[in-house]
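Right, one structure below, let's go through it.
The values are calculated or read from the model by the stated rules, or taken from the named source; none is laboratory data. Computed from a prediction, not measured in an experiment: that's the story for all the values here. Quick reminder, even Gly has a Cβ in these numbers, built from the backbone with ideal geometry, and neighbours come from all protein chains shown.
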Amino acid sequence: MGDGCVGRVEVPSPPSLGSRAGTGRELVVVSSVEGIIRYVSPSVTAVLGYEPAELVGTRGLKLAHDADRVRAAAVGAELMADPTHDARPIVVRAPHRDGSERELEVTISYLAGEPGTACFTFRATEQAPGSTHVEHPETPDSLTGLPRRRLLLEHVRGALSRARGSGRVVAVVFLDIDAFSVVNVCCGYAWGDAVLEAVARRLRAAVQPSDVVARMGDDKFVVVSEEVTGRREAAELAHRLARLASAPMELRDDFVLSLTVSVGVSSSGKAHDDTPGRLVRTAELAMHRARAKNLVGNVEQLDARMTAGPSAGL
């Protein structure tokens, strides 16, 4: 990678701390358990007017209005107490450098491999001054056109309902591009966006019309299928999607990108008593297990009942 983006580039695994790079109207902040900011994505300039270097080393709660800090801190404390817990999105007001405020939807997640570290994903929910574009949390992802978390969970809920009595199960496949930050750093964010769009197209083309492909933020994708009859078919689907997502990608005539993905899969039980949040959470946990083994093409499968716990009402 030190020679620049020429020819074939192998993207290593696992990703570094800064792999969750926000783009556009999405801001990613990584902080320690004490609330000290360790990483801020470059998109902070577009969202809040600050340069990343101005915020690194400061307390993350300064990014929330005084009245919203207690709620943000409470959700963060819940997550640190139970990293497998579904972090519920909350809406906070954040101070812009120009003195105005921005309304942001915040999702807090545990950063695997970094104990005591949380990742805060802020997404703008209202129109900024001078902007003609509004993107609400319920709308599809603006880059790929895919559904996001809320629409995904709604679909999983409907799929579980339809699966009852059908003899089929609901499979959730969670894919995370390894070391995606290397693409952004080496090749630029425009090429990173091109990679995300290409992966989204591949996944959409590979599934059935009744299946759903969603983007869970930054470099994560989720596929929900109602067309499987059990764990074996769910695992076969996950392996097929892993191969497709990681196939060499020709972004231009003289540049072919090779990357790897970590993949986890979960499936509903025959009793169909699972919740949407639990199924997605289990697939994500399985993905982290696959990544921890550091084996190219590895897919891990977990039963949602093995990770039963709070589902934050999802």
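If you check Ser161 against the conditions, is it at pLDDT below 90, part of a helix (DSSP H, G or I) and either over 19 Å from Ser246 (Cβ atoms) or in the same structural domain as Arg281 (by TED's automatic domain parsing) (or both)?
Yes.
I'd like to verify a number: residues in region 164-182 that are crowded, with 19+ Cβ neighbours inside 10 Å and either closer than 16 Å to Arg231 by Cα or outside the structural domain of Ala200 (by TED's automatic domain parsing) (or both), how many?
Number satisfying all stated conditions: 7.
Just one of Pro83, Pro42, Pro12 is at pLDDT below 55 and part of a loop (DSSP other than H, G, I, E, B); which is it?
Just a single option satisfies the conditions, and that option is Pro12.
Filter region 15-36 for residues that are over 17 Å from Asp218 (Cβ atoms) and touching a Gly at 6+ places or on another chain (Cβ under 7 Å); which is modelled with the highest pLDDT?
Ile36
Yes/no matrix, rows are residues, columns are (1) in contact (Cβ under 8 Å) with a residue 60 or more places away in the chain; (2) of a type in the set (Gly, Ala, Ser); (3) not assigned by TED's automatic domain parsing to the domain that holds Gly165:
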| residue | (1), (2), (3) |
| --- | --- |
| Ala238 | yes, yes, no |
| Leu241 | yes, no, no |
| Met249 | no, no, no |
| Arg252 | no, no, no |
| Phe255 | yes, no, no |
| Val261 | yes, no, no |
| Leu279 | yes, no, no |
| Glu284 | yes, no, no |
| Met287 | yes, no, no |
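Within region 46-59, which residues are out of contact with any Lys or Arg (no Cβ under 9 Å at 6 or more places or on another chain) and either within 13 Å of Phe122 (Cα to Cα) or in a helix (DSSP H, G or I) (or both)?
Pro52, Ala53
Check whether at least one residue in region 212-221 is of a type outside the set (A, V, I, L, M), within 14 Å of the chain's Cα centre (by Cα) and at pLDDT 95 or above, and report yes or no.
Taking every residue of region 212-221 in turn, at least one turns out to be of a type outside the set (A, V, I, L, M), within 14 Å of the chain's Cα centre (by Cα) and at pLDDT 95 or above.
Taking into account only those residues within region 227-286 that are among the charged types (D, E, K, R) and assigned to a strand (DSSP E or B), which is farthest from Val195 (Cα to Cα)?
Here the residue is Glu227.
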